[in-house]
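The values are calculated or read from the model by the stated rules, or taken from the named source; none is laboratory data. What you see is a predicted model, and the numbers here were worked out from it, not measured in a lab. Virtual Cβ from ideal backbone geometry, glycine too; neighbours counted across all protein chains shown. Side chains are part of the model used for accessible areas, which takes the heavy atoms of the whole protein and leaves out ligands, DNA and RNA. Shrake-Rupley method; radii C 1.70, N 1.55, O 1.52, S 1.80 Å.
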Amino acid sequence: MNKLMKKISIILFVLFVIILTHNYVNAANATLNANSKEIELGDTITLNASVTAAQWKLNININGSSIANSKELDNYEKNITKNFSGTYKPTAAGTYTFNLTGDITDVDQTNLPVNKSYTVTVKEKQTQQQQQTQQQTQTQTQTQQTTQQQQTQQQTTQQQQQAQPTEPNFTNTNQTMYTTGNINLRSSWSTSSAAVSVPAGTEVTVTATSTNKVNGYVWYKVSYNGQTKYVASGLLTSTKPEEKKEEEKKEEEKKEEQKEEKSTNKALKTLEVEGYTLDPAFTSETTKYTLKLKDTDTSLKVKAVASDETKAKVNIEGADNLSTGNNIVKITVTAEDGTTRIYTITAMKEGETANADELKLASLKVANGSLDPDFDKDVKTYILGVEDPSKITAESITAVAADENVNITFAVKDQNDDGEKVITILLESKDEKDTRTGVYQINVRKAIITETTIAKGQSDKSLYYIFGAIIGVLIILIIAIIIALKKTSGDDDYDDDYDDEDEYDEADDNYEDDYEDRNSKSPRYDKSLKDAIDEANTIYDYDADDDLSPKSQILSNKLPNRRNKMDETQMFDSDKFNEISQTNAELSKRRGKHF
């Protein structure tokens, strides 16, 4: 029993460990690398991506052009690892940046955006002459390095072979002197000893002078901050550094008083567009705004006032000759010190060619949320339904531009106390000559929790519930086995008491079998009577008259024959019974066993 309990304890412990460690194995992740960080023009770059997750949808691209992709959307059981690759052959020398974008889902249904990059440098292919020249240069460099190393080793050996100079004799003195520049005060008379750096004009007291030169120097023994130091005589002077003349000091002070710092304030105090409301609402620190033009508008009346009205200058450009599409109105504020801050208003005017030249995104993801509709580079407005909109910020969004030479700016405008908001994503070209822009908007709203939503959330964890239920059933079965084993061990003596009775029953059965075998061979044997009596015993009606035995009920025709349950009125045939009894007189002697 003890051995059995130990085995059961080990099984329960192993199951417990499996449950604890199940959620920490094979966390979802994705990586991107290439066959080389640097290649020559004409060679092919092979990009390799590896993903470990339950589900994923990934794409390897360069400048928005896909070169390989992989997706798995049907797996729900566990994280699996998948590798896929793509090739790219550069057409010119330069730097190429490849991106791995998309999203992955962990086995616990956590969705993670992916945005990995890998940079490869492509160099011009060298001609045979260039290769020979490079090899010659490398050989010469190696030769020079070898020669320098040999010379250094020789010099080191010579220095080691030279006898160390003997300590000089010092003559005591007491003189105040000053350093001629930023110098080192050393711990001994050797130039290789530890040193403390002091600035020019530092005052020291010379306490002794060497009577002979060491390594070409006469050394002073000096006192500095209560410590004894050594310094070469040529680095000290007895002349005190000249102080600035009083007039020069006064002149400098006067200049400082007259000098007035120029203002650096380059912020706007107000920014308004007649007939329109800026999105988001104006603040001095927000520099990116949008508005939607009317189809008939060809110009805007922009009013911008600087915070420092007397010293800062404001210049407005792009408010006239507005065309279909995105128009950029630039407000430049120049502070007194010459620094600038630029505010921009993207004025969108719808039309047939409104989206023709707009900058676009290659992907748009939100952590722990799904856009409605699914992202499409040509769809500019989305709805994001979440349980708590206040937790969604600009940092929750991952936006990748189709063109890498694009700046992406986020602007957040709160709508109400529940945290609902509008997040605007503005795309601008890094090239100042390129005036193209792009605008996307995400309306973050509070999601309506329905039974379907709750059911979905519960089904995400159904695997864990099933797994837990199986473990529970196993534990119950193990406990039941233990109880059964204990009960069995206590009933063994009780079961032995019935061995004799079992032997008696077996002998009785053998007797009956012999009886049937003997009579079955007799031509007078008829089993009809026995069958009738057996059935009578089986369907004995205990509701009948208790004073009559089963046999008496049959003979007196009081026991109903229920062989045919559809006819409750059919009664036992006593005439047939008497006929059978007469023809089986010998069998009637043993009839009592069946009653």
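Numbers at a glance
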item	result
Residue list for segment 298-312, restricted to those being open to solvent by 90 Å² or more (accessible area, probe 1.4 Å) and among the β-branched types (Val, Ile, Thr)	310
Residue within segment 357-365 that is open to solvent by 60 Å² or more (accessible area, probe 1.4 Å), within 19 Å of residue 112 (Cα to Cα) and at pLDDT 85 or above present	yes
Condition met for residue 285 (modelled with pLDDT under 85 and either open to solvent by 40 Å² or more (accessible area, probe 1.4 Å) or closer than 30 Å to residue 328 by Cα (or both))	no
Those residues of segment 306-354 which are assigned to a loop (DSSP other than H, G, I, E, B) and more than 29 Å from residue 441 (Cα to Cα), in sequence order	307, 308, 309, 310, 311, 312, 335, 336, 337, 338, 339
Some residue of segment 274-282 being surrounded by 14 or more Cβ atoms within 10 Å (Cβ to Cβ), out of contact with any strand residue (DSSP E or B) (no Cβ under 7 Å at 6 or more places or on another chain) and over 21 Å from residue 437 (Cα atoms)	no
Near pairs, Cβ below 6 angstrom, 6+ apart or cross-chain, from segment 303-322 (of a type in the set (Gly, Ala, Ser)) to any residue that is surrounded by fewer than 17 Cβ atoms within 10 Å (Cβ to Cβ) and part of a strand (DSSP E or B)	307/269; 318/328; 318/330
Any hit, segment 220-234, residues being more than 15 Å from residue 170 (Cβ to Cβ) and modelled with pLDDT under 80	no
Segment 71-104, residues that are over 21 Å from residue 39 (Cβ atoms), crowded, with 18+ Cβ neighbours inside 10 Å and not charged (D, E, K, R)	79, 101, 102, 104
Complete set of residues in segment 151-168 that are open to solvent by less than 100 Å² (accessible area, probe 1.4 Å) and either among the charged types (D, E, K, R) or at pLDDT 75 or above (or both)	168
One residue from 444, 412, 422 being out of contact with any Pro (no Cβ under 6 Å at 6 or more places or on another chain), open to solvent by less than 40 Å² (accessible area, probe 1.4 Å), among the hydrophobic types (A, V, I, L, M, F, W, C) and assigned to a strand (DSSP E or B)	422
Total residues in segment 52-67, condition over 23 Å from residue 406 (Cα atoms), open to solvent by less than 90 Å² (accessible area, probe 1.4 Å) and part of a strand (DSSP E or B)	4
Candidate set from segment 374-400 (those that are among the acidic types (Asp, Glu) and in a loop (DSSP other than H, G, I, E, B)); member that is nearest to residue 420 (Cα to Cα)	388
Any hit, segment 109-124, residues being in a loop (DSSP other than H, G, I, E, B) and over 17 Å from the mean Cα position of the chain (by Cα)	yes
